[in-house]
Amino acid sequence: MAAKEIDLKAVEEFLADLACNKVGPIIKSKSGSQQNYELKTGARNVDIVTTIDKQVEQIVWNTLKSQYPGFQFIGEESYVKGVTKITDDPTFIIDPIDGTTNFVHDFPFSCTSLGMTLNKEPVVGVIYNPHLNLLVSASRGNGVKVNGEPFNYKEKISSMGTLQLNKSIVGLQPGSAREGPNFKCKASTYQNLLSVDGGFIHGSRNLGSSAMSMAYIALGSLDAYWDGGCYAWDVCAGWCILKETGGRVVGANSGEWDIDVDNRSYLALRGAHSGEEQEKYVKEFWSCVIGNLKYD
Amino acid sequence: MVLTKEQLKEVETSLIQLAQKEIGPLIKSQSGTKFESYEDKANNVDLVTVVDKKVESIVQDFLSKKYPDFAFVGEEGFIKGETKIGDKPTFIVDPIDGTTNFIHGYPYSCTSLGLSENGKAVVGVVHNPHLNQTFHASKGNGAFLNGECIQVTPRPLILQKSIIGLESGSERAESPGSNFETKLRTTNNLLSEKGGFIHGSRSHGSTAMDLCYVATGLLDAYWEGGPWAWDVCAGWCIIEETGGIMVGANPGEWEIPLENRRYFAVRGGAKKEEQTWFVESLWSHVEGRLSY
């Protein structure tokens, strides 16, 4: 299917409607009600999967299949490691409930994250947090909307001053894998970013949701987000939204300027006054990374 | 003098009015607009703005007229070594809690208005104008979110199943035994699969909001060093009214004064023994000692 045949704006609106009217109410009404959750096995046994997560994915899948039968579908729950691949086809990449731990604990930062790629590039993104009633959506070339209203990101960025490491607040979340080299790399990098003798960033914030962290960057509440262990569905929607506000996503490790959606480790940053300002920020940030994040 | 329940409720109502009508709109309209105009305080991460001072003077004027016999302790007027919290009723106020959030437009700045009597928190109002949330309580009168009674759902309280508010704060000097080191090590121990292996940590950069989230049970606990009495006074009262407890961040600190600087709040919705057990389990992962 050629790109010009797909009305990305229509896809964005369809996903926004699905997020607000079908998925959102389920998340909101069930948040904090699932005390008897399953624990995933192995490295991710802090990462909780609930029955609701699976139910929501089914609803999303069914709805999208009937509206866009020719599109591929990748969801957190149906993903099979080593088998599921992102191709050039138009592909919905979906996290039914991002921030499952938040969802279980009723911490108000669970959301649904609905994205679409074309030629492996994120071109539609919809993030809806029903607790804060916050809908952030975008499609390639069409800008960003907040709760359906166009968001003036240029004005926001021009009011924000220079993007520089020691003036930035950065989203940092330890995630669910809590031993081994990646956990060590994260802990030492956090320390180095925070330390007076290191990056000395203004502050770190931990929302427990990749999608919300990226939405907050797009809105100008955070300057950057650095993480490893995420999957394509955690970042696809946010990536598109960020790009539409002049933001960038590169790899978490030094030198990774060009990465795929399923890179598993990411550094996302906000729009700035120039591309050079962003590149300088990325380089300064990478210089604080101790070790390497690596995922199978 | 000991204030009655009715008197405390009256103060609570005045503070809500003040927070929602006077302070909230100011915080909301100015948040994220002062990127280039902050002064340096202790170091250049802890930011105090012109607005912070303006808000404090509005609060102080209002309260000194309405409650001329009460003392006042505010973040901006505080003088280290001189300002003391006495036994008489004392307003303890953080005009804008989460100043870094305020500067950056991150929606977790709020105003935190508390009252103490005999050194204990007896009224607390925390208003976040971005999320339009007002948490409020007074001793013996229960705790409320936007007028609705807060009731923490009873459920098991276990370290490994908990999410805990952990902030890195603004003091980040690395040296052996420093507070920053103690925090990093303890955080690491709590997260590690070989340590506490908690479900998760969360950070929003506002002590008052963290405490309110513990009060409502959205967080199971909050462990921190560095905050001042004005950061915790309001939240402390709200937590106690929802069945939660506040102890010190260092092991063994069961009884602490308002200005302890090291705090550990645990939610309600659990039995006293469960809370005690939770406190002791978390303390067992504290590596080093926080001191201020």
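When you look at the Cβ of every residue in A:204-210, what mean number of other chain Cβ atoms sits within 10 Å? Don't skip to the answer; put the middle values down first.
Details: counts 4, 11, 10, 3, 6, 0, 0.
The per-residue average across the peptide is 5.
Going by amide H atoms built from the backbone, whose H comes under 5 Å of the H on A:Val123, apart from near neighbours?
Those qualifying (amide H under 5 Å, at least 5 residues apart or on another chain) are A:Met116, A:Thr117, A:Leu118.
Taking the DSSP beta bridges in region A:127-251 as the whole, what percent of them are antiparallel, to the nearest 5?
Bridges in region A:127-251 that DSSP calls antiparallel: roughly 55 percent.
For region A:3-151, what is the Kirkwood hydrodynamic radius in Å, using each pair of distinct C-alpha atoms? Walk me through the numbers on the way to the answer.
Details: mean 1/r = 0.0634 Å⁻¹.
Kirkwood radius, region A:3-151: 15.8 Å.
Counting only C-alpha contacts under 8 Å and six or more residues apart, can you give the relative contact order of region A:3-151 as a whole percent?
The normalised contact order for region A:3-151 reaches 24 percent.
Could you please state, rounded to a whole Å, how far the C-alpha centre of region A:218-290 is from the C-alpha centre of region A:174-209?
First find each Cα centre; the distance between them is then 16 Å.
Return the ratio Rg/(2.2 N^0.38 Å) for region A:150-265, where Rg is computed over Cα atoms only. Please report the intermediate quantities before stating the final value.
Values: Rg = 14.1 Å, N = 116, 2.2 N^0.38 = 13.4 Å.
This ratio for region A:150-265 stands at 1.05.
Work out the mean other chain Cβ neighbour count within 10 Å for the residues of B:189-201 and drop it here as an integer. Working shown, then result.
Details: counts 0, 2, 9, 6, 9, 2, 2, 1, 4, 3, 10, 15, 5.
For peptide B:189-201, the averaged partner shielding equals 5.
Give the relative contact order (percent, whole number) for region B:197-271; include only Cα pairs under 8 Å separated by 6+ residues.
Working: 121 pairs, mean separation 26.7, N = 75.
Computed value for region B:197-271: 36 percent relative contact order.
Return the percentage of antiparallel bridges among DSSP beta bridges fully within chain A, rounded to the nearest 5 %.
Bridges in chain A are about 75 percent antiparallel.
Output the pairs from B:Lys65/B:Lys120; B:Lys66/B:Lys88; A:Lys186/A:Lys294 with a Cα-Cα distance over 18 Å in this structure; if there are none, say none.
B:Lys65/B:Lys120
So how many Å³ per residue does the convex hull of the Cα atoms of chain B work out to?
Numbers: hull volume 35.8 nm³, N = 292.
Considering the Cα atoms of chain B, their hull volume per residue is 122 Å³.
As an exercise, identify the GluC sites (Glu not before Pro) in region B:250-292 lying in DSSP coil whose Cβ has no more than 13 other Cβ atoms within 10 Å.
On the way: sites: B:Glu253, B:Glu255, B:Glu259, B:Glu273, B:Glu274, B:Glu280, B:Glu287; in loops: B:Glu253, B:Glu255, B:Glu259, B:Glu287.
Those that pass, being in a loop and sparsely packed, are B:Glu255.
Return the subset of B:Lys183/B:Lys271; A:Lys9/A:Lys243; A:Lys120/A:Lys243 for which the Cα-Cα distance in this structure is over 23 Å, preserving the input order.
Over 23 Å apart, Cα to Cα: B:Lys183/B:Lys271.
Sort B:266-272, A:24-30 by the packing proxy (mean of other Cβ within 10 Å over each peptide's residues), most packed first. Please list the in-between numbers first.
On the way: B:266-272: 19.9, A:24-30: 16.6.
Highest-to-lowest ranking by the protection proxy: B:266-272, A:24-30.
On the first, second and third principal axes, largest extent first, how far apart are the outermost C-alpha atoms of region B:159-283 in Å?
Principal axes ranked by extent give 39, 33, 27 Å for the Cα atoms.
Report, as an integer, the average count of C-beta atoms from other chains found within 10 Å of each Cβ along A:178-187.
Details: counts 10, 6, 1, 0, 0, 4, 2, 0, 2, 6.
Counting Cβ atoms of other protein chains within 10 Å of each residue's Cβ and averaging gives 3.
Under a point-charge model restricted to the Cβ atoms of Lys and Arg (+1) and Asp and Glu (-1), what is the dipole moment magnitude of the protein assembly as shown relative to its Cα centre, in debye to the nearest 20?
Once rounded to the nearest 20, the dipole reads 400 debye.
Tell me, what is the percent relative contact order of chain B, built from C-alpha pairs under 8 Å that lie six or more residues apart?
Relative contact order for chain B comes out at 18 percent.
Cβ neighbours within 10 Å, averaged per peptide: list A:231-240, A:196-205 in order, most packed at the top.
A:231-240, A:196-205
Could you check which residue among A:Asp258, A:Asp53, A:Asp89 shows the biggest mean-square fluctuation in a GNM of chain A with a 10 Å Cα cutoff?
Top of the fluctuation ranking is A:Asp258.
Obtain the radius of gyration and the Kirkwood radius of region B:5-149 from its C-alpha atoms and give Rg over Rh.
0.97
Dividing the alpha-carbon radius of gyration of region B:71-209 by 2.2 N^0.38 Å (N being the number of residues), what value is obtained?
Details: Rg = 17.7 Å, N = 139, 2.2 N^0.38 = 14.3 Å.
For region B:71-209, the normalised Cα radius of gyration is 1.23.
Looking at chain B only, what percent of DSSP beta bridges run antiparallel? Nearest 5 please.
75
What base-10 log of the normalised intensity I(q)/I(0) is obtained for the protein assembly as shown from the Debye formula, alpha carbons as equal point scatterers, at q = 0.05, 0.07, 0.08, 0.09 Å⁻¹?
The Cα Debye sum returns log10 ratios of -0.20, -0.39, -0.52, -0.66.
Could you rank the peptides B:127-138, A:107-118, A:217-228 by their average count of other C-beta atoms within 10 Å per residue, with the highest value first? Let's see the in-between values first.
Details: B:127-138: 22.8, A:107-118: 27.8, A:217-228: 25.1.
Final packing ranking: A:107-118, A:217-228, B:127-138.
Could you tell me, in Å, what Rg and Dmax come out for the Cα atoms of chain A?
Here Rg and the maximum Cα pair distance are 18.0, 56 Å.
With springs only between Cα atoms under 10 Å apart, run a GNM on chain B and tell me which of B:Cys233, B:Cys149, B:Cys110 wobbles the most.
With Cα springs under 10 Å in chain B, the top fluctuation among B:Cys233, B:Cys149, B:Cys110 is at B:Cys149.
I need the phi-derived Karplus couplings for region A:124-134: 6.51 cos²θ - 1.76 cosθ + 1.60, θ = phi - 60°, integer Hz, Gly and Pro marked x.
9, x, 9, 10, 10, 10, x, 6, 9, 6, 10
Could you state the principal axis extents of the C-alpha atoms in region B:247-286, from the largest down, to the nearest angstrom?
Over region B:247-286, Cα extents along the principal axes are 27, 21, 12 Å.
We did not get these values from a lab; they are worked out from the coordinates using the rules stated. Quick caveat: nothing in here was measured; it's all calculated off a predicted structure. FYI the Cβ positions are ideal-geometry reconstructions off the backbone, even for glycines, and counts take in every protein chain you see.
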